[in-house]
Every structure is written in C-alpha cells, then in structure tokens.
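Data first, discussion second: the structure below is written as structure tokens.
Nothing in this text is a laboratory measurement; each read-out follows from the coordinates by a stated rule. Since we're looking at a predicted model, the values are computed, not measured. Don't worry about glycine lacking a Cβ; one is built from the backbone with ideal geometry, like all the others, and counts go over all protein chains shown.
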Amino acid sequence: MIDLVLAGPLAAGALDDLAGRRLGVEVTDLKLRWVVAIGERRIEVLEPDASAESTVRGGATDLLLLASRLEDADTLFFQRRLELTGDTELGLAVRNLLDQLPWETIPLWLRITLDRGAQLARAARAAHLGEF
C-alpha cells in the first residue's frame, strides 16, 4: 500500500537522500507499531520490534486525521496529540516530503476511505468526550 501511495516520489528519486533510514509509527491506543525502512526507490515495512531512528507516536484518531489531511501535523504536535522521538531531523524530513505529495496523486478510493474514516473517528471521540 505504501509503495502505491509513494510510487511517484519513489520513481522520481525524491526519497533517495533518505535511503537506509528507518522510521517508526506507533498507534498508542491500539498498541500497534510499524517500522518502515526507506531504500533506493522502495519502501519496506519491517518487523514491529525492529529499531527505528525516529518514531511518530499518537492515537489512532489523531494519526488518521493526519493521514487524511483533516488536521495539520504542527497543530497535532503543539497540542501534544502526536509525539516525535529520536532523530527529529529525519522525522521532519519525511513529514515535509509527505506534505509535498499532491493529494490528488493518492488513489481516489484511499482518499475517500481516509477522509470518511477520519471524520467518523473524530465524531466518535467527540461523542465519547461529550462534545457535540
């Protein structure tokens, strides 16, 4: 899936400067973790216990809001809803690359799924917290 989303930047060599680097993603409330290795023109998902140079942590709702672009990364970090640990320079470089990825290059079905899932998660959290 990640290769599909990043096919254009990978083919163009936009991630070549990050080859050999490892980024972790942790969904804290679901206790899920992935480590992604950036290679020459490819992305590989490693075992969850692999080491990462930089890790982004957050709840499922906040990470979904970030992925769907319904929330800005800076807002989520400043509100302490996301955390970046380890090599922050790597984390920021990856974030900047993803921010530059044209939204319309992501397959339509995935954009719709992310958007609807994020809206549902946001509404569920608001209902749970009594915020209407």
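For the reader, a short list of remarks on this structure follows.
- Rounded FRET efficiency, nearest 0.05, which uses the C-beta distance separating Glu89 from Asp29 and R0 of 25 Å: 0.35
- Summarising the amide proton neighbourhood of Gly24: residues at separation of 5 or more, or on other chains, whose placed amide H is nearer than 5 Å comprise Val36, Glu53, Ser54, Thr55, Val56.
- Here the chain is scanned for GluC sites (Glu not before Pro) in DSSP loops (not H, G, I, E, B) that have at most 13 other Cβ atoms within 10 Å, and the longest stretch holding none of them is 41-130.
- Value of [θ]222 nm, deg cm²/dmol, for the chain, DSSP H segments ≥ 4, -39500 (n - 2.57) each, nearest 500: -12500 deg cm²/dmol
- Rounded to 5, percent antiparallel among DSSP beta bridges of the stretch 2-128: 75 percent
- Most positive-pole-ward Cα, Thr28, Leu84, Ala126, against dipole of the chain from beta carbon charges: Ala126
- In a simple Cβ point-charge model (Lys, Arg +1; Asp, Glu -1; nothing else charged), the chain has a dipole of about 400 debye relative to its Cα centre.
- Dividing the mean sequence gap of close Cα pairs (under 8 Å, 6+ apart) by how many residues the chain holds gives a relative contact order of 21 percent.
- What you get for the stretch 79-121, charging only the Cβ of Lys and Arg (+1) and of Asp and Glu (-1), is a dipole of about 240 debye around the Cα centre.
- The distance separating the Cα centre of the stretch 40-76 from that of the stretch 86-132 comes to 10 Å.
- In plain terms, the residue of Leu92, Leu6 with the fewest other Cβ atoms within 10 Å comes first and the most crowded comes last, giving Leu92, Leu6.
- Within a Gaussian network of the chain (alpha carbon springs, distance under 10 Å), most fluctuating of Leu108, Leu76, Leu46: Leu108
- Positive end of the dipole of the chain (Cβ unit charges, origin at the Cα centre): among Gly39, Ala12, Leu70, the Cα lying farthest that way belongs to Leu70.
- Distance cut-off 26 Å, percentage of C-alpha pairs in the stretch 2-128 lying past it: 19 percent
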